[in-house]
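What follows is one structure encoded as structure tokens, with my remarks underneath.
The values are calculated or read from the model by the stated rules, or taken from the named source; none is laboratory data. Since we're looking at a predicted model, the values are computed, not measured. Note that we place each Cβ from the backbone using ideal geometry, even for glycine, and neighbour counts take in every protein chain shown. Keep in mind that these areas ignore ligands, DNA and RNA; they rest on the heavy atoms of the full protein, side chains included. Shrake-Rupley method; radii C 1.70, N 1.55, O 1.52, S 1.80 Å.
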Amino acid sequence: MPVVVATAAAEALLCVLLLVRASRMRTVVTEHHIETQTFFRHRVRARADAAKVVRAVLIPPRGPAFPVVFVLSSQGTVLARLNGGTYPEEALERLVAHLRLPTGGPSQPVTARQLARDYPGIVPYVEERPFLTGCLMSLVVICLMIVIGMIMTLTMWS
């Protein structure tokens, strides 16, 4: 019983920490910088590097389509990415208007792979190929389970 209570307490603490972290996600655009605080990292980029904005509605493998805004450099690298699931659509509209950069993107909803064809490097590989990534991750987990099972078996016999 104490193990169950400890596990429940650890899970509750983890949920609270994740909620606090998620509530601090933001994007700030100043005269000189574009600052993004995402779930895992904090980036500050020079606003002068921003050359264009790409707007799209992405269709995920599962779930509803969502709007996304990419701020790109003149070389096509992503300076900032804002998902409609994290930010309200009005906030995305305000950001695009505030940046006053050329705006492009597909006119209809697209998958990540379709968007990557038009704008190479704009989406991460794992998002561009979700099924392949899922299969590879499953293979890794299965291999780890086999290795752990073999280690446990060998230690039981010795």
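Restricting attention to segment 46-64, the residues that are among the small types (Gly, Ala, Ser), within 18 Å of Pro124 (Cβ to Cβ) and in contact (Cβ under 8 Å) with a residue 40 or more places away in the chain total 1.
The criterion of at least 2 residues that are touching a helix residue (DSSP H, G or I) at 6+ places or on another chain (Cβ under 7 Å) and open to solvent by less than 90 Å² (accessible area, probe 1.4 Å) is met by the following helices (runs of 4 or more DSSP H) wholly inside segment 59-138: 112-118, 125-128. Just so you know, in segment 48-58 the residues that are open to solvent by 30 Å² or more (accessible area, probe 1.4 Å) and in a strand (DSSP E or B) include one that is modelled with the lowest pLDDT, and it is Ala51.
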